[in-house]
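Report on the following structure.
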Amino acid sequence: MIKEITVYTDGDSAAISTWSNIPYLFTETLISKGIKVNRVDISPTGLAHQNRLWRIFYNRIFDKIIRKIHPATSFEYKRSWFHYINVRKTIQTTLKQYPQTDLLLFLTYCPAAAGLTHKPILLFSDWTYEYYFKSFLHRKPDLFERQAIRRENRQIERAQWVVNLFPKTAEYMQKRYHNPNIVYLGNVVNAIMAPDETAILAQKQSSFKLLFVGKAKYRDSAQSLIAAFNLLKTRYPQLSLHIVGMIAEDFDVLPEGVSCYGYLDKNIAAERKTYYRLLQEAKLFVNPSPLWGAFSASLEAMYFYVPTVVCPYPEFVETFGKDIRSGIYLPSDRPEDIAQTMDTLLNSPDYLQCCKAAHQAAEPFSWEAYIGKLLQLIR
């Protein structure tokens, strides 16, 4: 039986806003099952008291040298050897602080505790640093990035269990590493509240609100959606577009009917209320990014009965299938194709069935079910 777990997170696991709400919901679900959770923040901010001089040295000298050699590097302080050593020291301290711990759980692949203890170690994350270059950046890592990859690979190979949030990424890791205990247990809906089906469906039936969720890195996709919105506006004068994650200043021009909310922090009651109001009122969730359509936000939208309009990127297709009843896959990210696809759903006589199918597809991915599978894996 697992009675006590020490959870190491790149951020505060008690804060709802940390990493798409995952650490908060992960730890709260463990606690709800009667497990004692020791929270340890291993982010540079969380360890600021003990790595201040290292960070000053890194930011003033080391970082400048790296960026002069590799201007496009993704390497940063939290990937550095300096941070790695500080985290390892913190792990050693917490091993003494929590001697009754049954499991060391890292909500990251690196840094971790391999080589420091005989206690079992479980690593949990979305993808490896190496996979990030292969699938997103489409380039070879530089010298410093390769060093960080090697550190992460050592941790993955030596952990008792490695759990990944996505099926295609887990498949890649199973082929890439020798560790036999790399698994995919499904994904999770990162919702802080549950939807009311009757109230939501009544709202959606008469709604003409489109919802986009994405940070500034999705700006090009948001621009394509805005162009598609303009094409549909003449046919649907009451149509409006609501963009979460970016502000109006991120765009050169915003047409009438487009509203930006910036980042909505679920830690803040008013912002959390706004976010869930938008989900409840949204007619469609649209993110036309061809590489990654904001999976976590898409899944949460589906849970709130919102049909999804996304490109068929591999992880989404692997999770929900090539043919979906919960929305429509985009043939491309061209504004004309986005507009036509949205028009199909806006006009569909089966729209409410599509809403229900979206919720049904997301419902199995509850945190209660996920933690149950995780604990079963450990036992």
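Some notes on this structure:
- The C-alpha radius of gyration of the range 158-264, expressed as a fraction of 2.2 N^0.38 Å, stands at 1.53.
- Percent of alpha-carbon pairs separated by more than 29 Å within the range 85-239: 44
- Theoretical gain in end-to-end length, Y132 to R277 [0.36 nm per residue, Cα-Cα removed]: 48.9 nm
- FRET efficiency for the pair E363 and Y263, taken as 1/(1 + (r/R0)^6) with r the Cβ-Cβ distance and R0 = 30 Å, rounds to 0.65.
- Surface accessible to a 1.4 Å probe, M193 within the full protein complex, Å²: 80
- Accessible solvent surface per residue of the chain, calculated while the other protein chains remain in place, 1.4 angstrom probe, Å²: 45
- Length released on extending from Q50 to T344, taking residue separation times 0.36 nm less the Cα-Cα span: 100.2 nm
- Spread of Cα-to-Cα distances over 5 Å intervals beginning at zero, given as percent, for the range 108-170: 4, 18, 26, 24, 16, 8, 3, 0
- Share of carbon and sulfur in the accessible heavy-atom surface of the chain [1.4 Å probe, %]: 52
- Cα centroid separation - the range 292-358 against the range 176-233, whole Å: 9
- In order through the range 75-81: 3J(HN,Hα) via Karplus (6.51 cos²θ - 1.76 cosθ + 1.60), integer Hz, x for Gly, Pro: 5, 8, 4, 5, 8, 7, 4
- Greater than 22 Å apart at Cα, pairs in K140/K215; K89/K175; K3/K119: K140/K215; K89/K175
- Taking Lys and Arg as +1 and Asp and Glu as -1, the other residues whose beta-carbon sits under 14 Å from that of E4 total +4.
- For the range 310-378, the Kirkwood estimate of the hydrodynamic radius, built from every pair of different alpha carbons, is 13.9 Å.
- Taking 18 Å as the straight-line reach from the Cα of K373, the aspartates and glutamates in range (excluding those fewer than 8 positions away in the same chain) are E4, E28, D102, D126, E363.
- Dipole of the range 165-221, positive end: most advanced residue of A216, F166, T198 [Cβ charges, Cα centre]: A216
- Percentage relative contact order, the chain, counting C-alpha pairs under 8 Å, at least six apart: 14
- q = 0.14, 0.15 Å⁻¹, the chain: log10 I(q)/I(0) [Debye, one scatterer per Cα]: -1.27, -1.39
- The chain - mean residue ellipticity at 222 nm from DSSP helices (-39,500 (n - 2.57) per run, n ≥ 4, rounded to 500): -13000 deg cm²/dmol
The values are calculated or read from the model by the stated rules, or taken from the named source; none is laboratory data. No experiment lies behind these values; they were computed from the predicted model shown. Neighbour counts are summed over all protein chains in view; Cβ atoms, including those assigned to glycine, are modelled from backbone coordinates with ideal geometry. Ligands, DNA and RNA are excluded from the accessible area calculation, which covers all protein heavy atoms including side chains. Shrake-Rupley method; radii C 1.70, N 1.55, O 1.52, S 1.80 Å.
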